[in-house]
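FYI, it's all coordinate maths here, none of it is from the lab. What you see is a predicted model; the values in this text were computed from it and never measured. Every residue, glycine as well, gets a Cβ built from its backbone with ideal geometry; the counts of neighbours run over all protein chains shown.
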């Protein structure tokens with residue numbers, strides 16, 4: 001989905017195993033963003049995993065295993081790769097937990113101390129590139145999984161590619177592995193059948209959310225489940241979806257674009273090593289304030305942004321609508337303006353006033369021209385209604401963002 005011809009040609013020159021690691025990274029990073037996705041991170045010459053995804057207080061360690069020979073993989077090969085992948089994940093996890101890794105880096109993040117990330121929970125994912133009949137890996141190596149100190153998941157490379165069509169925000173991605181672990185307590189988790197695993201999670205969404213400590217009402221959790229179900233239908237082009245819901249799904253991508261376009265790689269030092277800076281760290285916080293919203297929440301807020309744009313277009317004046325997340329103690333301001341010119345001082349005052357009114361400790365404000373907001377929305381909606389839903393086929397929004405944290409300044 002996100003591999004252009006240049007990337008494909010570069011990947012084809014690599015060895016098969018090396019190629020799989022990078023394909024996995026190229027699948028994860030565009031959705032989950034490079035600030036939180038690390039390709040083959042290492043410390044003092046020791047590799048910590050093929051890919052690490054770190055968001056909030058959760059770290060997902062990926063180990064990719066590829067069968068080089070054509071044809072169906074035998075059980076002995078699967079068993080060997082399950083043992084190898086699990087041992088690597090557990091060893092790396094223990095190394096991280098014990099504080100033996102002081103820092104990690106990637107080009108987007110620069111160098112970041114491990115302790116500052118605040119990781120508390122871990123999941124391991126073994127990604128297999130192989131041909132087999134569907135199977136539950138726990139039937140092959142039951143004690144391997146039961147004795148692991150962290151949940152270990154097994155999924156095919158194709159299935160994780162398909163999964164990212166639905167669980168494609170950092171928040172949703174983390175929740176998926178948590179819920180998948182709960183599903184595995186009662187049901188089989190078949191490799192090459194992730195669609196059935198995904199369906200089982202959606203069916204049990206309310207139960208799993210409550211088991212994970214959600215304080216939302218059953219009615220609210222059921223609304224979340226129904227939205228995810230509708231979103232799945234939109235992506236798969238399988239079934240009717242209410243036009244309002246479809247419109248909200250399209251507006252959710254306004255926030256994806258805003259987050260992605262605000263990103264920049266870490267600054268370089270004199271040796272051209274990307275190390276970052278305090279200013280860059282604050283940019284990461286700005287993007288994170290958007291990235292930590294689920295697809296459902298992005299849909300609700302994106303709908304407000306589109307409403308602001310339509311009102312701005314009608315009146316030929318700037319217009320904004322704000323929302324608030326009590327659980328995050330954060331205010332969100334969605335601003336539209338009739339021209340390219342943005343009075344940054346006035347915009348900042350709008351965001352600060354909304355934050356004060358909601359008594360929030362932080363706020364994120366997004367502004368774009370009404371024309372760009374409406375055009376981008378229509379492009380996404382048109383893509384949704386086409387035969388294939390291409391997430392990266394629409395015009396950039398060209399949004400301006402501002403983040404305020406009263407503990408760290410604006």
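Figures for the structure shown
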read-out: Rounded Å value of the spacing that divides the Cα centres of region 287-355 and region 255-277; value: 24 Å
read-out: Label-to-label distance, nm, for residues given as residue 185 and residue 339 (7 Å Cα→Cβ offset); value: 6.0 nm
read-out: Shape parameters for region 243-405, alpha-carbon atoms, Rg then Dmax in Å; value: 16.2, 54
read-out: Cα gyration tensor category, rounded, prolate or oblate, for region 5-214 with a/c compared to 1.5; value: rounded
read-out: Kirkwood-type radius of region 276-327, with distances r between different C-alpha atoms, in Å; value: 13.0 Å
read-out: Contour minus Cα-Cα distance for residue 70 and residue 282 (0.36 nm per residue); value: 71.5 nm
read-out: Taking only Cα atoms of region 95-157, radius of gyration then Dmax in Å; value: 15.9, 43
read-out: Ranked 281, 139, criterion: other C-beta atoms within 10 Å, fewest first; value: 139, 281
read-out: Peptides 155-167, 341-353 ordered by average Cβ neighbours within 10 Å, highest first; value: 155-167, 341-353
read-out: Per-residue Cβ neighbour rank within 10 angstrom, fewest leading, 362, 264; value: 264, 362
read-out: The chain - percent relative contact order, Cα under 8 Å, separation 6 or more; value: 12 percent
read-out: Residue-averaged 222 nm ellipticity for the chain, from DSSP H runs of 4+ at -39500 (n - 2.57), nearest 500; value: -15500 deg cm²/dmol
read-out: Contour excess over end-to-end distance, with Cα ends at residue 300 and residue 121 and 0.36 nm allotted per residue; value: 61.6 nm
read-out: In nm, spacing of pseudo-spin labels at residue 218 and residue 273 (7 Å Cα→C-beta vector); value: 5.7 nm
read-out: Diffusion constant of region 110-262 at 25 °C, which comes from Stokes-Einstein with the Kirkwood Cα-pair radius and 0.890 mPa s, µm²/s; value: 141 µm²/s
read-out: Value of Rg/Rh across the chain [Cα atoms, Kirkwood radius]; value: 0.97
read-out: Taking 241, 380 and counting other C-beta atoms within 10 Å, the order from fewest to most; value: 241, 380
read-out: Estimated FRET transfer efficiency (residue 139, residue 375; beta-carbon r; R0 45 Å; 0.05); value: 0.30
read-out: GNM result for the chain, Cα springs below 10 Å: residue of 185, 31, 123 fluctuating most strongly; value: 185
